[in-house]
1. Over the range 137-205, what lengths in whole Å, largest first, do the semi-axes of the equivalent ellipsoid take, defined as the square roots of 5 times the eigenvalues of the alpha-carbon gyration tensor?
2. As an exercise, use a Förster radius of 35 Å and the Cβ-Cβ distance of residue 249 and residue 106 to find the FRET efficiency, rounded to the nearest 0.05.
3. How many nm is it between the label spots at residue 219 and residue 257, if each spot is 7 Å from the Cα in line with the beta carbon?
4. Order by neighbour count: 69, 301, fewest other Cβ atoms within 10 Å first, most last.
5. Among 148, 302, 109, 280, rank each residue by its count of other Cβ atoms within 10 Å, from fewest to most, as a rough exposure measure.
6. Between residue 169 and residue 233, what is the label-point separation in nm under the 7 Å Cα-to-beta-carbon projection?
7. Between residue 137 and residue 91, what's the calculated FRET efficiency when r is the beta-carbon distance and R0 is 35 Å? Round to 0.05.
8. So how far apart, in nm, are the two label points at residue 309 and residue 207 if each is 7 Å from Cα heading toward Cβ?
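Read-outs: derived from the displayed coordinates by stated rules, not from any lab. Quick caveat, the model's predicted, so the values are computed rather than measured. When we count neighbours, we look across all protein chains shown, and the Cβ atoms used for this are built from the backbone with ideal geometry, even at glycine.
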């Protein structure tokens, strides 16, 4: 085990020096050249993607270097696939899909820079008329346990907007929403994220930056759902994959049609994952001059603004009510 750890550490150092699976080759002055988005296999290149996220400040640490990230509840891991396309090295944890359980999974402390996950959401979803919260809450607890064991600098959790707050000691947590159509995708797919950081880093989601679409495509497709494979009028498999940011020839050999749709429909849009991966690399410290909305949605504010939109003010009002002890008693 010790020898294997040394090999992994040596390979990680080599990646940072050569740019393999990292942010790009090293220049004469020691900085990294931008990673071309056309390099990662299987992802359609976006000509405007290199300017999707404005890098505010990398700080004095290794925020821009290749990072080792643990992916929990991966399934076919579209979230991890997006991070891989941006130069992160992904290690996938156990998954129920392969007959494994996170309950018996443990990790060494200090090996991972980040932990990402899309934990089971059925128990928190408003679409589910008879939600069974027990498993979803257990999975959320397991996620928090593994993050605590691993002790990474940051973590990212994807789930539905009604998911409880992830409160892990030592981490400042930011909640935000991002819709696939906001980055130019042809699918109306809103997703909710919680980003936690030890150093107080925040993700500045500059929706006015190049790559974010103020005027989405004329025709926006309905959200790709896991249940679509059971419908007679389902979209074709190539179309379904493309709408999720996958190549049209993507396949899961040996799986039933319904199970294929379920696996892909449960995932995060690959291009949304790529945008968040880039945001993670360029995350700023909260004490810098960049000011963001008080609800921590990631939108910038200027002047005397405290919140960016009316929806942000409503979100803060709901949060204050939930934090009020009298309100909790009434519930």
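1. Details: eigenvalues 114, 43, 16 Å².
One finds semi-axes of 24, 15, 9 Å for the range 137-205.
2. That pair, residue 249 with residue 106, gives E of 0.40.
3. 2.2 nm
4. Working: 69 24, 301 16.
Neighbour counts put them in this order, fewest first: 301, 69.
5. Working: 148 13, 302 7, 109 10, 280 25.
The fewest-first ordering by Cβ neighbours comes to 302, 109, 148, 280.
6. Distance between the two pseudo-spin positions: 5.4 nm.
7. With a Förster radius of 35 Å, E is 0.85.
8. Roughly 0.3 nm, to one decimal.
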